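Novice: Here it is, the structure in full.
The values are calculated or read from the model by the stated rules, or taken from the named source; none is laboratory data. Given the structure is predicted, the values throughout are model-derived calculations rather than measurements. Cβ placement follows ideal geometry from the backbone for every residue including glycine, while neighbour counts extend to all protein chains displayed.
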Amino acid sequence: MMFDDRSHAGRLLAEKLKEYSGEDTVVYALPRGGVVLGYEVSKVLECPLDLVVTRKIGHPMNSEYAVCAVTENSPPICNQSEVMNIDSGWLDSEVLKQKAEIKRRKSAYPSPNISPEGKTAIIIDDGIATGLTLLAAIDEVKSLKPKLLIVAVPVSPADTAETIRGMVDRFVCLDLPMFYLGAVGMYYLEFSQVSDEEVIEILKTANKK
């Protein structure tokens, strides 16, 4: 399945999530890319758009290949087979660096900071590759006791999808390819980087009273 861009994917996800419309639902998007999809979903569901900020820790020899992911408050989620061969001092330093970046982003973004406690929480991203950042997001939101926890993405590797299904109340995915192409961007015709400025504007628009 090929998506025109993130907005297109978000509109398709929103169609699958209409039953959760209402005041007791909050959409939690992963910045930056997931915010574009989260906006489309929050519009259709007529619910607030908030953030769950995660950061990946790339392998020291290949920064694009995630070995761990962190959120502000939860312990790192790591690929244990990879971190066994990585210097623990370097890893601890990277965790601190990425947690500092999370704090920077949270202070920069006009997030409404809505607690998911007792609510339907829908975590949105633009797709799954290793799945580590999404697993970290799930841990963070789940620790805050939502009534219902849903993850919705356009595309995911099948094995990662099975892991996520076991962690949440519902997993919505538009495409589970038999042979995953290796990168989320391969499933989009347009997949340019989303800037901090775009995230800020989207959040202001989404939560305008």
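Novice: Please indicate, with yes or no, whether at least one residue in the range 70-93 is assigned to a loop (DSSP other than H, G, I, E, B), surrounded by fewer than 23 Cβ atoms within 10 Å (Cβ to Cβ), out of contact with any strand residue (DSSP E or B) (no Cβ under 6 Å at 6 or more places or on another chain) and in the same structural domain as Pro157 (by TED's automatic domain parsing).
Specialist: Initial filter on the range 70-93 (assigned to a loop (DSSP other than H, G, I, E, B)): 71-76, 79, 84-87.
Filter again for surrounded by fewer than 23 Cβ atoms within 10 Å (Cβ to Cβ), leaving 72-76, 79, 84-87.
Restricting the remaining residues to those that are out of contact with any strand residue (DSSP E or B) (no Cβ under 6 Å at 6 or more places or on another chain) gives 72-75, 84-87.
Applying the additional criterion that residues be in the same structural domain as Pro157 (by TED's automatic domain parsing) yields none.
No.
Novice: Taking the options Glu64, Glu19, name whichever one is surrounded by fewer than 24 Cβ atoms within 10 Å (Cβ to Cβ), modelled with pLDDT of 95 or more and either in a loop (DSSP other than H, G, I, E, B) or not hydrophobic (A, V, I, L, M, F, W, C) (or both). Let's see the steps before the verdict.
Specialist: Numbers: Glu64 fails: modelled with pLDDT of 95 or more.
Sole residue among the options that is surrounded by fewer than 24 Cβ atoms within 10 Å (Cβ to Cβ), modelled with pLDDT of 95 or more and either in a loop (DSSP other than H, G, I, E, B) or not hydrophobic (A, V, I, L, M, F, W, C) (or both): Glu19.
Novice: Also: Being among the hydroxyl-bearing types (Ser, Thr, Tyr), more than 30 Å from Leu203 (Cβ to Cβ), without any contact (Cβ under 8 Å) to a residue 60 or more places away in the chain and out of contact with any Pro (no Cβ under 8 Å at 6 or more places or on another chain) narrows it down to one of Ser81, Ser107, so name that one.
Specialist: On inspection, the qualifying residue turns out to be Ser81.
Novice: Report whether or not Ala129 is closer than 13 Å to Leu30 by Cβ, buried (at least 17 other Cβ atoms within 10 Å of the Cβ), in contact with a Cys (Cβ under 9 Å, 6 or more places away or on another chain) and in the same structural domain as Val155 (by TED's automatic domain parsing). Reasoning before the result, please.
Specialist: Values: closer than 13 Å to Leu30 by Cβ: yes; buried (at least 17 other Cβ atoms within 10 Å of the Cβ): yes; in contact with a Cys (Cβ under 9 Å, 6 or more places away or on another chain): no; in the same structural domain as Val155 (by TED's automatic domain parsing): yes.
Answer is no for this residue.
Novice: Ok, one more. Any idea how many residues of the range 39-58 are part of a loop (DSSP other than H, G, I, E, B) and within 14 Å of Ser74 (Cβ to Cβ)?
Specialist: At the first step, the residues of the range 39-58 found to be part of a loop (DSSP other than H, G, I, E, B) are 46-48, 52-54.
Applying the additional criterion that residues be within 14 Å of Ser74 (Cβ to Cβ) yields 52-54.
Qualifying residue count for the region: 3.
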